[in-house]
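Reviewing the structure listed below.
The values are calculated or read from the model by the stated rules, or taken from the named source; none is laboratory data. Just so we're clear, the structure is a prediction, and the values are computed from it rather than from any experiment. Don't worry about glycine lacking a Cβ; one is built from the backbone with ideal geometry, like all the others, and counts go over all protein chains shown.
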Amino acid sequence: MPLDSVIRTCSPTKGTQLDHVFLTKARFGLTTEAAASQTMEELYFARDGKPAPIALTVGGKGCDELIGRGPFQPGGRGAELLKCLRTQFYEAFVKAKVPPDVAVVQAFDAACQLGRQPFVEVDHLLEKESLPQTRYRQALAVSLEDNAVCLHKTTTYRAPQDRATGTGVDPTTQVVDIAMLLTGTSQALEVTVNHVTVRVADSVASPAPQELLDAAQEHSRGGQAQSGFLSRLIAALSALFSREPNIKFVQGTASEFTRTDPQAAARPREISLENLGLEHASDDDFWVVSASKAGFAGVDWAWNNTVASYGVKGAHVVRKDGAVVDPATQRGAFHAFGDTIAERKAGELDRGNQLHIGGLALGLRGTPLPPDTYSFGTEHVAAKLENADWDDKPLETELRATLDAALFPPAGVKRHQITINGEPIAVITDASRKDSDIDEAIRQIGEAFRDDRGLRRQVFAAIISGRAGMDIVSRGNGMPQFKDNANETCSIDIWTPQAASAHAPPPGEAKVHFSVKQGKALSEGTRVTLGSKSFDKQQFAKAKMETLASYSLSAQGPKLTVLLCDGHLKPAPRAASTLRSGQNYA
């Protein structure tokens, strides 16, 4: 039977549940990492001896191959899958020239869609509820093409065994295919539905085939479609393409559809017919209704169901619809931006050029990093207070561990120096007195703020997390990161209003200063990273770096107020680079 086709202006069924779900199936920025991870755990992994509800493949690899053998905590498989998807999507978007910081947020938003049931199960709305059938198997194939994440979902339905018309008849009643794209550009993430195909079997005792054919003929004549399966299907597909002027509907036998438009009829090779229960199915036994895009007046319209727009404000990526980017993703975007800058600096070193950081090239000191990036350090310290109970004990426990590592480091590693108003906290080198020394250090710090519990807690948090906050900001600005340098020194200076010094803060406030120096020479085993590139000590003729930071603590909370970086990296003469790579933005 030849295919019948018709092009008509879409007329969305506004106000119906079907229309609303189709038009809102992509919700960028409104799905949390935890929620997406949990949904992925439930949808894509086998549990209790039952197969996964949806057989997912990404680039031809199944979920178990993607995430590895584990072990995983309960719910950990979904979280690891989300991480894998974010990484792959990020790499695709960056390769397509999306700015790295924007690409991090886009990759998160795109990956989270696979953790939203309304998105991955949107095809369920095309089920014929009155048919004697049940959902059987589902498969979702994800692939990457340039800056697009390509999704193809296939769902099969079966009739109860006693509905079959004869021995050996395939019980499949319906097969639904939907193909979608998530496309990242420099300023937007777009969702596009390419086509939807519904196959209905005529080999099962059900009214679907005749109803399907009658409604298709009525629609092709341009009259009012009869109330039936196809009329509801066309209404559903119209809702799916409701922002577009024209939709092309095709109906006929599956075999003719496959012959006439093999590209639209095809499925990705990763979708296994056997797993879907279609290994014995024949196109000769199915009717097809397919909906696809149709141009208008020679113009290809933008077939986007949902578009999320992005921008950069200061050092932060923003969603223009106002949805807030969560702190972890925002920090990943900041680091991606900084690592891109750092890799350019690494390229200069690899070409034998010296790298001057801050004002040392001019004999100056105290070159600050951009103040609009300090909020990342502030947020890191403030988070310690948000996550801690109002009781001081949890903070004191973390402070004890921090002081233990700082004041009693492994052999060969320099200990930190901690002062209060310029007076060092005394530490005995005898390890047998370690516990009492740490107790005394905590007592002295607490005593300096005995009348202000809130300020005392902020000082504890700054000592615990201030150094890490410095590193977050310096990395986001493309500064070198020094790893495992035993010659590194760090001093922490705590200042109260009682200090007889210009460093004294106003009444009711405190300051915590950090000074980190990499020493006159790097120790053996030191690594200096610039983005994804890593250098060994032997690759430098000279390497020096000093980082200074100051946190102001007040009733308004902790705040990083200044961060200075000064340094000089001079590469050693070498015939070829021995750079190592390996970095992520988690």
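Assorted remarks:
- Filter result for THR156 (at pLDDT below 90, among the polar types (S, T, N, Q), closer than 22 Å to LEU276 by Cα and assigned by TED's automatic domain parsing to the domain that holds PHE89): no
Residue-wise test of (1) in contact (Cβ under 8 Å) with a residue 60 or more places away in the chain; (2) assigned by TED's automatic domain parsing to the domain that holds PHE337; (3) not in a loop (DSSP other than H, G, I, E, B).
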| site | (1), (2), (3) |
| --- | --- |
| GLY508 | no, yes, no |
| LYS511 | no, yes, yes |
| PHE514 | no, yes, yes |
| ALA521 | no, yes, no |
| VAL528 | no, yes, yes |
| LYS542 | no, yes, yes |
| PRO558 | yes, yes, yes |
| VAL562 | yes, yes, yes |
| PRO573 | yes, yes, no |
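- Members of region 329-349 that are surrounded by fewer than 19 Cβ atoms within 10 Å (Cβ to Cβ) and either outside the structural domain of ALA543 (by TED's automatic domain parsing) or more than 18 Å from PRO99 (Cα to Cα) (or both): GLY347, GLU348
- Residue count for region 428-462, restricted to those that are among the polar types (S, T, N, Q) and modelled with pLDDT of 90 or more: 2
- Selection of region 82-131 for residues being within 30 Å of PRO160 (Cα to Cα) and of a type in the set (A, V, I, L, M, F, W, C) yields PHE119, VAL120, VAL122, LEU125, LEU126, LEU131.
- Under the condition of being within 15 Å of GLY476 (Cα to Cα) and either of a type in the set (D, E, K, R) or surrounded by fewer than 15 Cβ atoms within 10 Å (Cβ to Cβ) (or both), the residues counted in region 314-328 number 3.
- Picking from residues in region 122-153 that are assigned to a helix (DSSP H, G or I) and modelled with pLDDT under 80, the one that is surrounded by the most Cβ atoms within 10 Å (Cβ to Cβ) is LEU126.
- Among residues of region 278-290 that are surrounded by fewer than 19 Cβ atoms within 10 Å (Cβ to Cβ), those with a beta-carbon under 8 Å from a residue that is among the aromatic types (Phe, Trp, Tyr) at least six positions away or on a different chain give the pairs ASP283/PHE257.
- Filtered residues of region 237-281 (kept if modelled with pLDDT under 60, of a type in the set (Gly, Ala, Ser) and within 31 Å of the chain's Cα centre (by Cα)): ALA239, SER242
- For VAL58, the criteria (1) surrounded by fewer than 22 Cβ atoms within 10 Å (Cβ to Cβ); (2) touching a residue at least 24 places away in the same chain (Cβ under 8 Å) hold in every case but one, which is (1).
- Yes/no for GLN106 being polar (S, T, N, Q), at pLDDT 85 or above, surrounded by 22 or more Cβ atoms within 10 Å (Cβ to Cβ) and part of a helix (DSSP H, G or I): yes
- Selection count where residues are assigned to a strand (DSSP E or B) and in contact (Cβ under 8 Å) with a residue 60 or more places away in the chain, scope region 27-55: 1
- Residues located in region 364-394, provided they are touching a Leu at 6+ places or on another chain (Cβ under 7 Å), surrounded by 17 or more Cβ atoms within 10 Å (Cβ to Cβ) and modelled with pLDDT of 85 or more: LEU369, TYR374, GLY377, THR378
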